[in-house]
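Novice: One structure is given below, represented as structure tokens, and several questions about it will come after.
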């Protein structure tokens, strides 16, 4: 990580403030010792006892490494999960093939939530016109909300997720503000496109507390209970299920590939590979020298990137001039728009208790 991160602090021991946060999170959230193994076994028994319908738990599945590996693990535990996939109109054919092959081989039922494209594209376009960094908030929020909605409907208490500390926990808030804030989504949409969000999946602050505290739905970052090595997971998925690699973090989505490889570098000067590679360095999965060599490569092959840009413009109804104007507009911060960040911070102690509750065994 470098000074493209606002307010970063470098210490004499060679670490930066984000690496220090990683170490702090590691001690709190990684459970791979003997006590962690015991707690995980107890968790699986709890999950089995909690079953009230056809399924023990939910898993979100995108076709990427983390979620695919979670699907594999869950079946090894003797659980019958329902896999939930969000189709936001941007899936690559490779991602669809990975999902279908995996669930078929594992014998897992799949539910796909297909977003209303005419509605969703205007929400996405609103975020691009807003000039904030994290234009993936509408998709990530819809995933959260869909999982919560299905868990409530199916009376499922546990959601097994692929988010994890060792590969994802170095991300500055200024780069990617979190996706839980529906108030931000509502206000950005209202300001720029003002589409009636009749069908868009939403999770308000009230919904979040009701579902995850009152109803007791638990979010389980299952990979934090294992010595998760990403390259080993890839090899296993390839050899066992014929899973195919898509070349980059979250590149199973065309829009995400455009977002990571073009929008953020061009408009903000952010290269998210620094974040993901830093986490892999901290977890001893790669060396710093290997990461620096990786950063010398472009984030996406040039012809692919040009194709993605043209595809995004056409799919979101941007004219060439409108797209260029959007890129040249001054960068904005999420805090420039009405949001609920104050409430999230105000009730941070309660949120931390919630996180402890939904991840403890």
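Novice: For residue 110, which of the numbered conditions (1) without any contact (Cβ under 8 Å) to a residue 60 or more places away in the chain; (2) in contact with a helix residue (DSSP H, G or I) (Cβ under 6 Å, 6 or more places away or on another chain); (3) not in a strand (DSSP E or B) fails to hold?
Specialist: So the condition that residue 110 fails would be (3).
Novice: Same structure again: From (1) out of contact with any helix residue (DSSP H, G or I) (no Cβ under 6 Å at 6 or more places or on another chain); (2) farther than 30 Å from residue 214 by Cα; (3) at pLDDT below 95; (4) surrounded by fewer than 16 Cβ atoms within 10 Å (Cβ to Cβ), pick out the condition that doesn't hold for residue 285.
Specialist: So residue 285 meets the others, but not (4).
Novice: Answer with yes or no whether residue 170 is part of a helix (DSSP H, G or I), touching a helix residue (DSSP H, G or I) at 6+ places or on another chain (Cβ under 6 Å) and buried (at least 19 other Cβ atoms within 10 Å of the Cβ).
Specialist: Judged against the criteria, residue 170 is not a match.
Novice: Moving on. Only one of (1) surrounded by fewer than 21 Cβ atoms within 10 Å (Cβ to Cβ); (2) farther than 30 Å from residue 156 by Cβ is not met by residue 260, so which one is it?
Specialist: So residue 260 meets the others, but not (1).
Rundown of residues vs (1) farther than 30 Å from residue 285 by Cα; (2) surrounded by fewer than 23 Cβ atoms within 10 Å (Cβ to Cβ), yes/no style:
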site: 103; (1), (2): no, yes
site: 112; (1), (2): yes, yes
site: 151; (1), (2): yes, no
site: 157; (1), (2): yes, yes
site: 165; (1), (2): no, yes
site: 187; (1), (2): yes, yes
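Novice: Residues of region 129-140 being touching a helix residue (DSSP H, G or I) at 6+ places or on another chain (Cβ under 6 Å) and under 17 Å from residue 323 (Cβ atoms), which ones?
Specialist: 129, 130, 132, 135
Novice: On the basis of being more than 30 Å from residue 310 (Cα to Cα) and crowded, with 19+ Cβ neighbours inside 10 Å, does residue 177 make the cut?
Specialist: Answer is no for this residue.
Novice: Tell me which of these residue 123 doesn't satisfy, since it passes every other one: (1) assigned to a helix (DSSP H, G or I); (2) under 12 Å from residue 61 (Cα atoms).
Specialist: Going through the list (1) assigned to a helix (DSSP H, G or I); (2) under 12 Å from residue 61 (Cα atoms), residue 123 breaks only (2).
Novice: Are there any helices (runs of 4 or more DSSP H) wholly within region 9-98 with 1 or more residues that are over 23 Å from the mean Cα position of the chain (by Cα), in contact (Cβ under 8 Å) with a residue 60 or more places away in the chain and surrounded by fewer than 21 Cβ atoms within 10 Å (Cβ to Cβ), and if so which?
Specialist: Those helices (runs of 4 or more DSSP H) span 34-50.
The values are calculated or read from the model by the stated rules, or taken from the named source; none is laboratory data. Worth saying up front: this structure is predicted, and the values here are computed from it rather than measured. Note: ideal-geometry Cβ built from the backbone for every residue, glycine included; neighbour counts use all protein chains shown.
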